[in-house]
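Student: Please read through the structure below; I'll follow up with questions.
Derivation of every value follows stated rules applied to the coordinates shown; laboratory data play no part. On a predicted model such as this, the values are computed, not experimentally measured, just so you know. No Cβ is skipped: glycine too gets one built from the backbone with ideal geometry, and neighbour counts run over all protein chains shown.
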Amino acid sequence: MTRRRWIILGAAALAAIVLLGGGAVAVGYALRDRYEIGTADLFGTASPSPSATPSPTPPPGADITGPLNMLIVGVDTREDDPTWEPHADAVTILHVERGLKTGYMVSLPRDLLVDVPAFPKSRYRGGRTKLTEAMSNGSRRGDARPDVAQGFQLLAQTISRYTGIKRFDAGAVLTFTGFRKLVDALGGVDIYVDQRTPSQHLRPDGRGRSAGGGPAGYGGPQMVYEVGMRHLVGWQALDFSRQRYLPGGDYTRQRHHQQLVRAVLAKALSLDVARNPLEFDRVLRALGKTLTFDGRGRPALDYASALSGLRPEGLKLVVLPGAGVGRGSGYRGEQLTAEGRKFFPALVAGRADAYLRTHPAVVTKK
């Protein structure tokens, strides 16, 4: 991956990378040379590099008017194993309407059964498999070290075919480590836990659970997130958002992930990260190289400035209905219902609000 020096304004778990916006533009210019945020060709279509010396007039991103589609992916890269193929564990489409004041955050199940196209770069011949595996299938190179950006390219192509969204204006990848560090940099977040959520992965002290006969292959004491308003630090927030062995399965996990994104946004805004140089500096240092961004030739600063008017309350969090295909050892993955699949044609045609009015249950309330 190439590395360029660009500032990312704020950031709040995945979608919030570009949502904190405008107020820190001047601060961003002043600090931009202190950080190296990863950039890469995430779509396989190299774009010309923007000028390294932005002009204060017109403001960055002034010509971005929307609508916009962004693909934002959380990955488990297993940093301790450089040969581990990345999996797309949290896939979010952020659609922002024209005028950039309202938008939709849509989650796709990681186990969604999709047709993945052939991808000559990794010698993948194509096939029907889980969405999470599109990234790993695309990441393979001639050596033993997989390429996350190359894997993102195949994932983006797969999602475009499935949803009918022909082009994503920007993309970002945030690792699990980056998510944890971000929440800690914000001093933790407050979130309403809407159902009792036992952790399959961690003990109450944050250490990993031992092997056992549980649903995810773990046993022994486990962290439990009880119903009610809770303050979560980084490891707890990440752990909570990953749990899917719950009533509702991966669709519950998608809802919790979106609720957490909104909680992180709210905390970042309460700290006035975009306008407070000290908070801004601390958040950027926390993210570091755990974030990779592709704005198709435009820096994230442009998108952050353009989206400065978009706030958490302007986002509708959408979890589309679906069900598992197969059971037990015969489980193959997930598929959206016929009604759930209708959302994407409505989105592409600019009729998402009409769809949501007739399907209010797909909008996350808290």
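Student: Sort the following peptides by mean Cβ neighbour count (other Cβ atoms within 10 Å, averaged over residues), highest first: 247-255, 348-356, 194-202, 259-267.
Tutor: Top to bottom by mean Cβ count within 10 Å: 259-267, 247-255, 194-202, 348-356.
Student: If you don't mind, there's one more thing I want to ask. So how do 214-220, 92-98, 327-333 stack up, highest first, on mean other-Cβ count within 10 Å?
Tutor: Numbers: 214-220: 13.1, 92-98: 20.9, 327-333: 10.1.
Averaged packing, sorted descending, gives the order 92-98, 214-220, 327-333.
Student: Based only on the alpha carbon positions, what is the Kirkwood hydrodynamic radius of the range 113-258, in angstrom?
Tutor: 17.5
Student: If each residue of separation counts as 0.36 nm, what is the full-extension length gain between LYS342 and ALA62 once their alpha-carbon separation is subtracted?
Tutor: Values: separation 280, 0.36 × 280 = 100.80 nm, distance 3.31 nm.
Fully extending the segment from LYS342 to ALA62 adds 97.5 nm.
Student: I would also like to ask the following. Cross-link list LYS181/LYS342; LYS101/LYS365; LYS130/LYS316: which exceed 28 angstrom alpha carbon to alpha carbon? Please list the in-between numbers first.
Tutor: Working: LYS181/LYS342 37 Å; LYS101/LYS365 19 Å; LYS130/LYS316 26 Å.
Flagged as over cut-off: LYS181/LYS342.
Student: Here's another thing I want to ask about it. With a cut-off of 8 Å between alpha carbons and a minimum separation of six or more residues, what is the relative contact order of the range 62-107 in percent?
Tutor: Taking the mean separation of contacting Cα pairs over the length of the range 62-107, I get 41 percent.
Student: If we count other beta carbons within 10 Å of each Cβ, what is the order of MET105, MET223, fewest first?
Tutor: Taking fewest neighbouring Cβ atoms as first place, the list is MET223, MET105.
Student: Measure off 7 Å from each Cα along the Cα-to-Cβ vector at GLU313 and THR177, then give the distance between these two points in nanometres to one decimal.
Tutor: 3.9
Student: What FRET efficiency comes out for the pair ASP194/SER329, r = Cβ-Cβ distance, R0 = 30 Å, nearest 0.05? All intermediate terms of the calculation are to be shown ahead of the outcome.
Tutor: Values: r = 31 Å, r/R0 = 1.03.
Calculated value: 0.45.
Student: Let me ask something additional. With a sphere of radius 15 Å drawn around the Cβ of ARG207, what net charge do the other residues whose Cβ falls strictly inside it have (Lys, Arg +1; Asp, Glu -1)?
Tutor: After counting each charged neighbour, the total is +1.
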